[in-house]
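Enquirer: Before anything else, here's the structure in question.
Bear in mind these aren't lab numbers, they're just calculated from the coordinates by the rules spelled out. Source: prediction; values computed, not measured. Here Cβ is always computed from backbone atoms with ideal geometry, including for glycine, and neighbour counts include all displayed protein chains.
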Amino acid sequence: MDNPFLKYTNNLADILQSKNVAYGDSFTKSVDKYGLSVIGARLSDKYNRIEHLITHHELKENDESLEDTLLDMAGYAILGLKYLEEHKNEH
C-alpha cells in the first residue's frame, strides 16, 4: 500500500539531519541548558509565524513561506520527541 505521507516525512528527516549537522545539535544543547520549555518556545515561535502569515494574507515573507514554516514546526515537534526519548530516564 502506498503511503502518501512518506514524501513529507522523508523530506523532513533529510532536512533535520542536514540542519542538525550544520547547527551542531543546537536544539539538544538549548534544551539541556534551559529546560523543556525550549520545546514549547520553539513551537510557539513557529505558530506565531504561521498565524502572522495567514492573517496578513502573506503566504511568503522574507523568503520564508507558509510551507517552510509548517515544515519547521513539524521539525521542532520531531526534535522534541527525539529529545524526550533520549532523555526519558532523566525527567
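Enquirer: Which one is farthest from the chain's Cα centre (by Cα) among residues in the range 39-54 that are of a type outside the set (A, V, I, L, M) and either surrounded by 15 or more Cβ atoms within 10 Å (Cβ to Cβ) or not in a helix (DSSP H, G or I) (or both)?
Expert: ARG49
Enquirer: Only one of TYR34, TYR76, TYR23 is of a type in the set (Phe, Trp, Tyr), closer than 21 Å to LYS88 by Cβ and loosely packed, with under 12 Cβ neighbours inside 10 Å; which?
Expert: On inspection, the qualifying residue turns out to be TYR34.
Enquirer: For residues in the range 22-44 being among the aromatic types (Phe, Trp, Tyr) and free of Cβ contacts under 8 Å to residues at least 24 places away in the same chain, which is nearest to LEU70 (Cα to Cα)?
Expert: Checking each candidate, the answer is TYR23.
Enquirer: Sticking with this structure for a sec: With the requirement that a residue be more than 17 Å from LYS19 (Cβ to Cβ) and surrounded by 12 or more Cβ atoms within 10 Å (Cβ to Cβ), what does the range 55-64 give you?
Expert: If the condition is that a residue be more than 17 Å from LYS19 (Cβ to Cβ) and surrounded by 12 or more Cβ atoms within 10 Å (Cβ to Cβ), then GLU58, LYS60, GLU61 are the ones that fit.
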